[in-house]
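One structure below.
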Amino acid sequence: MLVPLLAAGSFLLGAGLPGGAPSAGSFLLGAALPGGVRSAEPVRYAGLTSCPGANGKRHICGPWRLWLRGGRTLSLRDAQIRSLDARGREEAQRAPIAVDPYGRHVAYFTTANRRLVVRNVASGKLTRIPGTAGRLPSGLRMADVELRVGPEGRYLVLDPTRSTQRGVSLIEVATGKTWTLPHYASVQGFSPDGRLLRVILDMEETAVYRPGGAVPSGGVTLTGWGALTSDGATLAGAAREGSRVVVRFYATSNAMESRTPVRVKVPATENPRMLRWDSGARMTLLTLDEPRTFVARTVNAGSGAARVVDRFTVGKHTWDVHLAGA
């Protein structure tokens, strides 16, 4: 979702990944990347910077940039910035972009041929979506769709806005094979290995979808920000309840709470903006301290004990921010 500051949705952090070289600056992602950029340093978010203009007004300074956990930025000079309409004319709205939940892949339309690609941030490898799946669907503007790319860059979700009355397209990146979900099903996230999707039905119930399988008819009523285990057996939801953030767990087999909730100590100024299940015993919780500071914590799924693993503030002149996993 494109908004002046932050794209709505969840952020998933590549906690525990080794950092990159300490050099600073902006680099062009491409086939021949300098060694210092070829690291597993994850992306926190993608966005656009702004520059001062006439009469004190600011304007966008392209290209799209990726802000890394170590503080560096990468420039995506081949990524389309402005939306194009169905006839290829440039519009004021931004073109879509997405970062995968672990900050390792980014998906976007290219400026060269207006096709969808997924780029591996560490290696620079560009995967072009083959066939018709790589093109903007007929009759739509780029601004009519949102993108979501899964772990390992395995799947790409193309989600038309509700006003278009079109269903979500789930694309297998390597082959271009596509499944269309009904208009009442929206993709909210993925399992940690990227093989399962967390979907919301009629904006109410959360369920698990396996690509190629039947779309579920019902699911779990989650409170707060959701997460899914790799086996698809458990959903969790995090929300502030009084002085603590409470994480509740639900069995997908019967939509009932399956274990005792855990309470996470979080300052009153911070509110949940993401929950991720990393393993059977560990989760990652991201909170927002308004207006622009994010804090990531690892959380013990059994006890609720938490430890801060990352903190960053989005600059006030950074626009159209897309958090990793959003």
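The values are calculated or read from the model by the stated rules, or taken from the named source; none is laboratory data. These numbers come from a predicted model, not from an experiment. Cβ: placed from backbone, ideal geometry, glycine included. Neighbour counts: every protein chain shown. Only protein heavy atoms, including side chains, enter the accessible area calculation; ligands, DNA and RNA are left aside. Shrake-Rupley method; radii C 1.70, N 1.55, O 1.52, S 1.80 Å.
Kindly evaluate Ser217 against the criterion of being over 19 Å from the mean Cα position of the chain (by Cα), open to solvent by 60 Å² or more (accessible area, probe 1.4 Å) and under 30 Å from Thr175 (Cα atoms).
Judged against the criteria, Ser217 is a match.
Would you mind listing the strands (runs of 3 or more DSSP E) fully within segment 107-181 where at least 2 residues are closer than 22 Å to Gly47 by Cβ and of a type in the set (D, E, K, R)?
Of the strands (runs of 3 or more DSSP E) lying wholly inside segment 107-181, those with at least 2 residues that are closer than 22 Å to Gly47 by Cβ and of a type in the set (D, E, K, R) span 145-149.
Hand me the list of strands (runs of 3 or more DSSP E) wholly inside segment 198-242 holding 1 or more residues that are of a type in the set (Phe, Trp, Tyr) and closer than 18 Å to Trp277 by Cα.
205-209, 225-228
Which of the residues spanning segment 279-306 are hydrophobic (A, V, I, L, M, F, W, C), closer than 21 Å to Ser191 by Cα and either under 20 Å from the mean Cα position of the chain (by Cα) or in a strand (DSSP E or B) (or both)?
Correct list: Met283, Leu285, Leu286, Ala296, Val299.
Out of the residues in segment 256-278 that are of a type outside the set (D, E, K, R) and touching a residue at least 40 places away in the same chain (Cβ under 8 Å), state the one that is nearest to Ser191 (Cα to Cα).
Of everything passing the filter in segment 256-278, Trp277 is nearest to Ser191 (Cα to Cα).
For the condition open to solvent by less than 50 Å² (accessible area, probe 1.4 Å) and either of a type in the set (S, T, N, Q) or part of a loop (DSSP other than H, G, I, E, B) (or both), what is the one hit in Gly194, Gly189?
Testing whether each residue is open to solvent by less than 50 Å² (accessible area, probe 1.4 Å) and either of a type in the set (S, T, N, Q) or part of a loop (DSSP other than H, G, I, E, B) (or both) leaves just Gly194.
Results for (1) touching a Gly at 6+ places or on another chain (Cβ under 6 Å); (2) within 30 Å of His59 (Cβ to Cβ); (3) surrounded by fewer than 17 Cβ atoms within 10 Å (Cβ to Cβ), shown as yes or no for each residue.
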| residue | (1), (2), (3) |
| --- | --- |
| Met256 | no, no, yes |
| Val262 | yes, no, no |
| Arg273 | no, yes, no |
| Leu285 | no, no, no |
| Arg292 | no, yes, yes |
| Ala305 | no, no, yes |
| Asp310 | no, no, no |
| Gly315 | no, yes, yes |
| His322 | no, yes, no |
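Which members of segment 79-109 meet the condition of being open to solvent by 10 Å² or more (accessible area, probe 1.4 Å) and out of contact with any Leu (no Cβ under 8 Å at 6 or more places or on another chain)?
Gln80, Arg82, Asp85, Arg87, Gly88, Arg89, Ala92, Arg104, His105
Looking at the structure I just gave you, is Arg119 open to solvent by less than 20 Å² (accessible area, probe 1.4 Å) and among the charged types (D, E, K, R)?
Considered against the rule, which asks whether it is open to solvent by less than 20 Å² (accessible area, probe 1.4 Å) and among the charged types (D, E, K, R), Arg119 comes out as yes.
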